[in-house]
Structures are given as C-alpha cells and as structure tokens.
Number of protein chains: 4
Amino acid sequence: MGRENETGRIEAFSDGVFAIAITLLIIEIGVPHLEDEPPGTTLPAALVGLWPSFLAYVISFLQIGVIWANHHNRFRFIERSDHVLLFLNILFLMCVAFIPFPTALLAEYLDGTAAERETAGVIYAGTLAVTAFFFTLLWLYAAANRRLVDRNLDPSVLRAMTRRYLLGAVAYLLIFLLAFVNVAASLALIVALALLFVLPEPGEGTRKVSPARARERR
Amino acid sequence: MGRENETGRIEAFSDGVFAIAITLLIIEIGVPHLEDEPPGTTLPAALVGLWPSFLAYVISFLQIGVIWANHHNRFRFIERSDHVLLFLNILFLMCVAFIPFPTALLAEYLDGTAAERETAGVIYAGTLAVTAFFFTLLWLYAAANRRLVDRNLDPSVLRAMTRRYLLGAVAYLLIFLLAFVNVAASLALIVALALLFVLPEPGEGTRKVSPARARERR
Amino acid sequence: MGRENETGRIEAFSDGVFAIAITLLIIEIGVPHLEDEPPGTTLPAALVGLWPSFLAYVISFLQIGVIWANHHNRFRFIERSDHVLLFLNILFLMCVAFIPFPTALLAEYLDGTAAERETAGVIYAGTLAVTAFFFTLLWLYAAANRRLVDRNLDPSVLRAMTRRYLLGAVAYLLIFLLAFVNVAASLALIVALALLFVLPEPGEGTRKVSPARARERR
Amino acid sequence: MGRENETGRIEAFSDGVFAIAITLLIIEIGVPHLEDEPPGTTLPAALVGLWPSFLAYVISFLQIGVIWANHHNRFRFIERSDHVLLFLNILFLMCVAFIPFPTALLAEYLDGTAAERETAGVIYAGTLAVTAFFFTLLWLYAAANRRLVDRNLDPSVLRAMTRRYLLGAVAYLLIFLLAFVNVAASLALIVALALLFVLPEPGEGTRKVSPARARERR
C-alpha cells in the first residue's frame with residue numbers, strides 16, 4: 001500500500017502535466033479574424049491557411065500522447081521512488097510542458113522562409129531529443145542495479161527495455177540533426193516513430209505477466 | 001488489481017483531458033472592452049452582444065460533458081488494454097481536445113454572414129462527427145470477439161451497446177450533413193442529442209449488474 | 001468497490017474542473033506593459049493599479065475553493081449515481097467553470113463607473129447564486145427518499161444537511177439582489193460566507209462517523 | 001479507508017492545481033513575431049532575446065516542482081483533515097497558483113531598468129516567501145499536539161520536520177529581503193534551495209518506515 005502510493009502520486013502528478021500540456025495545444029490556434037486578413041479572403045480560405053497550425057497540433061498531440069503512454073508503461077516497472085527520481089521526473093516534465101512552445105513556433109514558421117522553417121524545425125526536434133534524453137536518464141537511474149524497479153524482474157527483460165530506451169534517445173538525436181538538413185523529413189520521422197508505438201512490443205506478454213506476479217507475491 | 005490499473009490510468013488521463021478541454025472553453029470568451037466598442041455602448045449591451053459566445057459555451061460544455069459520461073460508462077466494460085486501444089484513445093482525445101477551436105469559431109461567426117455561419121456550423125458539427133467516429137472505432141476494436149471487454153458480459157448486451165454507438169455515429173453524420181443546409185437546426189439537434197443522455201438507458205439495470213457480478217467472481 | 005467507483009470518477013472529473021477553473025484565474029491578470037501606460041508610470045504604480053484584478057483573484061479563489069470543499073463533503077454521502085445526477089453535476093460544473101469570466105469582468109470594471117461596477121457585481125453575484133441553485137438541486141435529487149445517499153444515514157442528519165444547503169442558496173440569492181444596490185457590501189458578504197466555512201459544522205463528528213460505519217457494514 | 005480518503009481528495013485536488021500552475025507557465029512565453037521586431041531581426045536572434053522568459057520558466061518550474069514534492073512528502077504524515085486544514089491548504093494553493101504572474105513579471109522586466117528588475121525580483125521572491133509561510137502554517141496546525149498527523153509518529157522526528165519547515169520559511173524570508181539589494185543573487189539562492197531538495201533528507205529511512213509501521217498497526 002505504502003509502496004503503491006509512493007510512485008502513485010508521481011504518476012498522478014505527471015498525468016496531470018501530460019493532460020494539460022496536450023490539451024493546451026489547441027489554445028495556440030487562434031480563430032481567424034477576417035478583418036485582419038487581405039480583403040476578399042473567405043472564411044474557408046482563411047481556415048485552409050491555418051494548415052501549419054493544424055499539422056503542428058496533430059504531430060504534437062500524437063507525440064505527447066505516445067510519451068505519456070511510454071511513461072505510463074515504464075512506471076509499471078518502477079516501484080519505489082527517491083528524491084533523485086522525483087527530481088529527474090520534474091526535469092523530464094519540464095521538457096514535456098515546454099512542447100507547446102516549439103509547437104507554436106512550428107505552426108507560425110512552417111510556411112515562412114527556408115531559414116525560419118529550419119530554425120523552427122530544429123528547435124522542435126531538439127525539444128523532443130532533450131525530452132527523450134531525460135526520459136532515458138530517469139530510466140537508467142531507476143533500473144541500474146534494480147535500484148527502484150521490481151526486484152523480481154527478469155534481468156534480460158530489464159536489459160531489453162534499457163536497450164529500447166537508449167535506441168529511442170539515439171533516434172531522436174538523429175532526427176534532431178536531420179532537422180538542420182531537411183525539416184519535412186525530420187517531422188515525417190517524428191510521426192513515423194510515434195506510429196511505431198502501435199506495434200506490440202516484442203515480449204510484451206512476458207513483461208505484463210512478470211510485474212503482476214511480483215505483486216501477487218507481496 | 002493489475003487489471004484495474006491497466007485501464008485505470010487511461011481513464012485518469014482521459015478524464016484530465018476532458019476536464020481541461022471543458023474548462024478551457026471559458027477562456028475563449030473575452031471580457032468586452034468598452035473602448036473598443038462603438039461609442040455609447042453600455043456594458044450590459046456589450047455583454048448581450050456576446051450571446052453567440054455564451055451559446056457556444058453552453059452547447060460545447062454539454063457536449064463534452066456527455067461525451068465524458070459516455071466514455072466513463074464505456075470504460076466500465078473495457079477491462080484490458082493494449083497499444084492499439086491506447087492509440088485509438090489518443091486519436092479520440094485529439095478530437096475532444098480540438099473542440100474548443102470550432103467552439104470559438106462558432107462564437108465568432110454565429111452572427112456573421114450566412115456563408116460564415118455555415119462554415120462555422122459545418123466545422124463544428126464535423127468535429128463532433130469525427131469524434132463520434134473514433135469513439136465508435138475504439139468500442140468496435142475493444143468489443144470485437146470480446147477482445148478487451150469483460151468476458152462474462154452477456155453477448156446480447158454487448159450487441160445492444162454496439163448498435164447504440166453505431167446509431168450515435170450515424171446520427172452525428174446526419175447532423176453534420178444538415179449543417180450544410182441549416183446551421184440552427186443542426187445545433188438544435190446536437191443539444192437534443194445531449195439532453196437525450198438524461199433518459200435512463202434501456203436495460204441500464206441489467207448492464208450495471210452484470211459487470212459488478214463479473215467483478216465479484218474474480 | 002463497484003459502488004465506490006461509481007461516484008469516484010464523478011468526483012475525479014469534478015476535481016479536475018475545480019482545479020483548472022481555480023488555477024485559470026491567474027491568467028486573466030496580464031502583466032502591466034509600461035509602454036501602454038501613461039508616460040512616467042513606474043512599475044510599482046502600474047502594479048498597484050491592478051488592485052481590482054488581485055482582489056477579484058482572491059475572492060474567486062476562496063469562493064471556488066470553498067465550493068470544492070462543499071462538493072467534496074457532499075459526495076462523501078452520495079454513494080450511487082445515475083444519469084440525472086451526472087447531468088445535474090455537469091450543469092453545476094458549467095457554472096463553476098464559468099466563474100473566471102465574471103471574475104475577469106469584476107477585475108476590469110471594479111474601478112469603472114458606478115453603472116459598470118453594478119453590472120459586473122450583479123453578474124458576479126448572479127453566477128454564484130445560479131451555482132448555489134444547481135448545487136442545491138443536485139443535493140435535493142440525491143437526498144429525496146435517500147435516492148442516491150447512504151441508506152443507513154440518520155434522517156435527522158439528512159434533513160439538517162438539506163436545510164443547510166437551502167439556506168445557502170437563499171443567502172446567495174439575497175447577496176445577488178444586494179449587488180443591485182451595493183456591490184461592495186455584496187462582495188463583502190461573499191467573502192464572509194466563504195470564511196464561515198472554517199467553522200466546524202454543527203454535528204460534524206456525528207456525520208463523519210455514520211458513513212464510516214455504513215461502509216464497515218458493507 | 002475512510003481516513004485514507006479524507007486527505008486523499010485534498011492531495012488529488014492540490015496535485016491538480018500544482019500540475020496546472022506548472023504547465024501554464026509555458027503559455028506566458030509568446031512565440032516571437034518577426035514583423036513586430038526591429039527590421040532585420042532573424043528568428044534565432046529573436047529567440048535568444050527571449051532568454052528572460054526561458055530563465056523564468058526554468059526557475060519557476062523547478063520551484064513549483066519542488067513545492068509539489070514537499071507537499072506530497074508532508075501529506076504522507078497528515079492523516080486526518082478538518083475545515084481549518086482545508087482552508088489553510090486553499091490559502092497555500094492560492095499562492096502556488098499565483099506564481100505564474102510573478103514569473104511573467106520576471107520574464108518581462110529581467111532585462112528592464114535596474115528599478116524594474118528590482119520590483120520584479122522582489123515580487124517574485126516575496127510570492128515564494130508568502131507561499132513558504134502558508135506551507136509552514138499548515139504544517140504547524142497539523143503537527144501541534146499531533147492534531148492531524150499519525151499519532152504513532154516519533155516526537156523527535158516530528159520536531160525535526162517542524163524545525164526544517166521553519167528553517168525553510170526563514171530562508172525564503174531572507175531571500176526576499178536580499179531581492180531588494182541584489183536580484184541575481186536572490187534568484188541564484190532560489191535555484192540553489194530547489195536543488196538542495198535532491199539531497200536525501202537526514203533520517204529519511206527512519207521516517208519512511210515509521211508511518212508504514214503505523215499503518216500496519218491499524
């Protein structure tokens with residue numbers, strides 16, 4: 001009970017931040033005011049002109065949604081907490097809560113000059129890379145010597161998860177570097193990576209069973 | 001316990017998104033500044049002039065409230081989760097969190113030209129139709145072959161629920177088409193559909209009992 | 001367990017709306033921009049000029065906080081839910097989530113002309129009165145014939161609670177009427193009513209015991 | 001169960017306010033619009049010019065994150081609640097939810113004149129000092145004569161915690177006074193105090209054990 005609570009309130013607080021960050025994305029999209037548009041612009045035309053905002057909304061929503069799902073899956077394995085974990089989680093959430101800013105930047109400059117598009121794309125991909133970095137750091141801290149994870153967890157499963165998170169962090173780093181060269185390709189890969197999440201994880205069944213068993217043993 | 005948690009955090013996250021989307025509706029309504037109004041406008045007159053904003057607030061609040069209640073009722077029957085369900089739920093929430101945008105559009109253009117009103121109404125009803133579509137998709141995925149629902153659930157109850165969700169999706173599609181012809185009628189039907197929710201569901205007693213029983217059996 | 005959940009998610013959703021409405025109050029207070037102020041205005045002077053915003057923030061924060069605490073206390077006695085309760089709760093939350101608007105109105109016009117101050121005060125107090133009305137309606141629906149409350153609850157305790165809520169609704173109605181005559185007095189009474197909450201309720205001990213006992217019996 | 005719930009919903013509501021206040025920080029940072037900048041400004045240059053906003057975001061995020069963690073740790077020892085505790089917690093949350101305002105003020109005037117920087121710094125540090133004051137008051141109320149804390153708690157542990165909170169309140173008061181003299185030093189100390197949190201508390205092990213034991217005894 002005490003244990004459950006220990007990470008339970010971290011998860012609840014993190015879920016709050018995720019839910020708010022993801023829902024705030026929409027308030028960055030202002031309704032078009034026809035009086036501020038070139039004369040003769042119709043409402044449908046003005047709305048079509050907002051395509052960078054809608055695109056940025058969809059990409060960031062998917063992204064934060066998948067980060068949430070990963071955070072959620074990870075904390076099913078983290079059973080204890082300490083001050084360092086709390087602090088790393090706060091740094092991680094600081095990145096997640098920051099995402100609406102590069103999203104708005106992307107929405108504003110995706111149809112700007114090539115240089116502006118590059119700047120916006122680099123900052124967007126960079127934010128995701130830093131987020132992935134802290135996510136991985138948090139996991140490495142919790143998993144090293146099974147510091148805060150379930151002590152009955154199969155070491156090979158643990159290693160597979162660690163490998164997966166390291167791979168993810170490297171992937172986001174490459175996507176960040178790609179943004180300097182080609183923003184569109186970088187964004188496409190970001191969406192592709194989010195869609196990959198739908199695939200079942202290799203060995204998902206095993207992992208789902210093991211923590212459940214550990215809980216029964218308590 | 002593990003099972004309960006599995007959908008528990010999805011519900012908690014979804015509730016967060018619902019609560020934020022519904023509460024953000026109010027910040028779209030700006031306080032009138034008399035210095036920006038035609039000279040001689042009194043504060044009560046300026047407030048009365050905000051009627052499209054208040055109307056849009058009430059309609060969207062009811063709408064999101066009833067969608068929340070339906071989501072809540074549905075997840076009482078969904079017991080397990082997988083990556084596809086998580087993903088479909090994220091797409092569904094992406095629609096819910098989008099609702100403040102068409103709401104603001106409606107508030108802005110409900111007293112505009114006929115063409116503007118039509119555009120705003122079509123996008124508003126269209127958003128609700130897409131939301132209902134993903135809602136139904138999520139349910140069909142969970143219910144097919146009792147993939148993620150309670151395995152002890154009476155098949156006839158399951159079929160009745162599926163029929164109900166399909167009917168709802170079709171109703172929203174028709175309301176969307178109606179918006180091209182008559183925005184006021186479309187909005188009136190949207191409110192009527194939300195109010196229908198107050199009626200007890202046919203066989204509500206039966207359904208409430210069956211999952212409870214299933215839980216006792218565990 | 002099933003029972004607990006039945007009102008549990010209503011409470012969680014309502015708590016979300018309360019928490020967001022109360023925290024959104026601050027974003028209505030814009031940071032002063034000295035370039036928009038009369039020349040020579042210092043930052044401290046500009047901040048002092050924001051007093052109506054700070055006052056409105058404090059009053060509304062206390063108000064929503066106390067409404068939350070009352071909602072919380074009430075739902076300790078409501079054990080079951082149905083579609084009508086869900087709907088009444090949505091209407092009630094619609095009023096709570098609306099509060100940031102009259103708060104911003106008050107902040108804007110508290111130092112306006114007498115007529116503007118009256119309009120803002122009347123709408124502010126009126127919003128609270130309508131909120132209290134739906135709060136009372138929800139309770140009357142749940143408590144009538146012990147429809148949704150603990151069936152072991154002492155009838156005299158139930159009657160005392162009903163009396164208290166009716167009294168509260170009448171008090172807010174009078175405060176609303178007072179706002180037409182004297183806004184300052186109306187606001188002072190609103191604060192006083194919120195502060196009254198700190199006093200222990202008569203018979204609090206008894207009431208806290210009875211639902212606990214009922215739970216043990218289950 | 002009843003007991004757990006008693007403070008459980010206070011924690012849930014508080015977590016909501018914390019999560020929203022911390023996530024709202026980002027919406028104060030507006031995306032730069034090059035057309036409003038001096039001609040020839042590039043997007044990277046405009047973003048670098050936002051450094052006070054980014055700095056204020058990081059400081060306030062850390063600050064609210066650490067306040068949340070402290071609130072979370074404290075409520076592991078508070079087991080019962082009453083109307084006064086609820087009210088003190090509302091006053092405390094009123095300060096936490098206010099933090100986005102002085103944060104925006106700091107972001108706006110950190111690169112202003114010396115007088116403006118001082119005003120912004122004093123209000124920022126002052127808000128944190130008042131927050132710490134209400135935090136300490138809440139704890140003193142709960143801990144005095146073990147009014148609302150675990151009655152099996154070791155008195156020496158309780159005294160150590162009280163000493164720590166009083167020390168924290170005094171530290172914030174000094175930081176507030178320092179802001180009148182040197183804003184940079186004041187902000188540096190605020191960050192340092194937040195980073196101190198990462199250190200394990202003296203006797204953390206002991207404290208974690210004792211409430212757990214007390215729970216087992218019930």
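The values are calculated or read from the model by the stated rules, or taken from the named source; none is laboratory data. On a predicted model such as this, the values are computed, not experimentally measured, just so you know. Glycine also receives a Cβ, built like all others from the backbone with ideal geometry; neighbour counts cover every protein chain displayed. The area values use the complete protein model at the heavy-atom level, side chains included, leaving out ligands, DNA and RNA. Shrake-Rupley method; radii C 1.70, N 1.55, O 1.52, S 1.80 Å.
Quick look at the values:
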{"quantity": "Residue, surrounded by the fewest Cβ atoms within 10 Å (Cβ to Cβ), within the stretch C:144-190, restricted to residues that are among the polar types (S, T, N, Q) and farther than 24 Å from C:Val84 by Cα", "calculated": "C:Ser156"}
{"quantity": "Subset of the stretch D:82-112 that is assigned to a helix (DSSP H, G or I), open to solvent by 30 Å² or more (accessible area, probe 1.4 Å) and farther than 17 Å from D:Leu25 by Cβ - its residue that is farthest from the other protein chains (Cβ to nearest Cβ)", "calculated": "D:Leu91"}
{"quantity": "Test: residue in the stretch B:147-158 that is under 26 Å from B:Ala192 (Cα atoms) and at pLDDT below 95", "calculated": "yes"}
{"quantity": "Selected residue (criterion: farthest from the other protein chains (Cβ to nearest Cβ)) from residues of the stretch C:63-81 that are hydrophobic (A, V, I, L, M, F, W, C) and in a helix (DSSP H, G or I)", "calculated": "C:Ile67"}
{"quantity": "Flag for D:Ala115 being open to solvent by 20 Å² or more (accessible area, probe 1.4 Å), farther than 20 Å from A:Cys95 by Cβ and assigned to a helix (DSSP H, G or I)", "calculated": "yes"}
{"quantity": "Residue satisfying condition, being open to solvent by 10 Å² or more (accessible area, probe 1.4 Å), outside any loop (DSSP other than H, G, I, E, B), at pLDDT 95 or above and within 13 Å of chain A (Cβ to nearest Cβ), within set D:Val58, D:Val122", "calculated": "D:Val58"}
{"quantity": "Residue within the stretch C:138-160 that is under 21 Å from B:Pro44 (Cβ atoms), outside any helix (DSSP H, G or I) and away from chain D (no Cβ under 14 Å) present", "calculated": "no"}
{"quantity": "The stretch D:38-70, subset touching a residue at least 12 places away in the same chain (Cβ under 8 Å) and of a type in the set (Val, Ile, Thr), residue nearest to D:Ala143 (Cα to Cα)", "calculated": "D:Ile67"}
{"quantity": "Unmet requirement for B:Asn73, which otherwise passes all of (1) open to solvent by 10 Å² or more (accessible area, probe 1.4 Å); (2) touching a residue at least 12 places away in the same chain (Cβ under 8 Å)", "calculated": "(2)"}
{"quantity": "Matching residues, the stretch D:123-142, being within 26 Å of D:Asp82 (Cβ to Cβ) and of a type in the set (Ser, Thr, Tyr)", "calculated": "D:Thr131, D:Thr136, D:Tyr141"}
{"quantity": "Residue match in the stretch B:136-143 (condition: surrounded by fewer than 14 Cβ atoms within 10 Å (Cβ to Cβ), more than 15 Å from the chain's Cα centre (by Cα) and of a type in the set (Ser, Thr, Tyr))", "calculated": "no"}
{"quantity": "Whichever residue in the stretch C:28-55 is modelled with pLDDT of 90 or more, touching a Leu at 6+ places or on another chain (Cβ under 9 Å) and at the interface with chain D (Cβ under 8 Å from one of its Cβ atoms) and, among such residues, is surrounded by the fewest Cβ atoms within 10 Å (Cβ to Cβ)", "calculated": "C:Thr42"}
{"quantity": "Number of the condition not met by C:Ala19 [criteria: (1) away from chain D (no Cβ under 13 Å); (2) in a helix (DSSP H, G or I)]", "calculated": "(1)"}
{"quantity": "Only listed residue being at pLDDT below 95 and out of contact with any strand residue (DSSP E or B) (no Cβ under 8 Å at 6 or more places or on another chain), chosen from A:Ala114, A:Ala97", "calculated": "A:Ala114"}
{"quantity": "Residue, modelled with the lowest pLDDT, within the stretch A:61-70, restricted to residues that are buried (at least 22 other Cβ atoms within 10 Å of the Cβ) and of a type in the set (Val, Ile, Thr)", "calculated": "A:Ile67"}
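Listed here are the residues, each with its yes/no results for (1) within 21 Å of C:Ala184 (Cα to Cα); (2) within 21 Å of the chain's Cα centre (by Cα).
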residue: C:Leu93; (1), (2): no, yes
residue: C:Leu105; (1), (2): yes, yes
residue: C:Thr119; (1), (2): yes, yes
residue: C:Val130; (1), (2): yes, yes
residue: C:Arg159; (1), (2): no, no
residue: C:Tyr165; (1), (2): no, yes
